[in-house]
Amino acid sequence: MHYCRATDGNSRVRWQVPAGPGPWRLPAATGFSSQPPGRFTLLVNNRPALEFDVSLEDARWTSADSGIVVTYRVEESSAEDSNGLLEIHAGPGWATPDAPITFEIRPSPFGRQGRVDVYDAQWIQ
């Protein structure tokens, strides 16, 4: 498991998926919801796409141009943490069918304990 914590703004989770149309699905988790609010940024091929926060419920986030859509389907949750399936859709302005795509999650530097975890798994197409 790889995780990104919003403690100092320097933690990162970065992964690459093979070329293809997506969507890309992976097991993920978010946690420490009782901590002060902070944000995480999803980057696609080094471009900031959207911001999101820890979620204990199903959620959907969309980039300003609607080219990136991320859904999070919660399978288990507690008062602090959740885990489930993260699904990323990338439109034509964000992905090309013949090149791999790099995703990265970065925290905002708020000095909190919120986290996003990305589990090691084969991509589910």
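The values are calculated or read from the model by the stated rules, or taken from the named source; none is laboratory data. As the structure is a computational prediction, the values presented were derived from the model and not from experiment. All Cβ positions, glycine included, derive from the backbone under ideal geometry; neighbour counts span all protein chains shown. The area values use the complete protein model at the heavy-atom level, side chains included, leaving out ligands, DNA and RNA. Shrake-Rupley method; radii C 1.70, N 1.55, O 1.52, S 1.80 Å.
Of all residues in the stretch 52-79, those satisfying the criterion of being out of contact with any Leu (no Cβ under 8 Å at 6 or more places or on another chain) and among the acidic types (Asp, Glu) are ASP53, GLU57, ASP58, ASP65, GLU76. So is ARG14 touching a Leu at 6+ places or on another chain (Cβ under 8 Å) and among the basic types (Lys, Arg) or not? Answer is no for this residue.
If only residues of the stretch 75-86 that are open to solvent by 30 Å² or more (accessible area, probe 1.4 Å) and of a type in the set (A, V, I, L, M, F, W, C) are counted, the one that is nearest to TRP24 (Cα to Cα) is LEU85. Restricting attention to the stretch 54-66, the residues that are small (Gly, Ala, Ser) and either out of contact with any strand residue (DSSP E or B) (no Cβ under 8 Å at 6 or more places or on another chain) or exposed (fewer than 14 other Cβ atoms within 10 Å of the Cβ) (or both) add up to 2. Entry remark, the stretch 33-53: residues being open to solvent by less than 40 Å² (accessible area, probe 1.4 Å) and part of a loop (DSSP other than H, G, I, E, B) number 2 in total.
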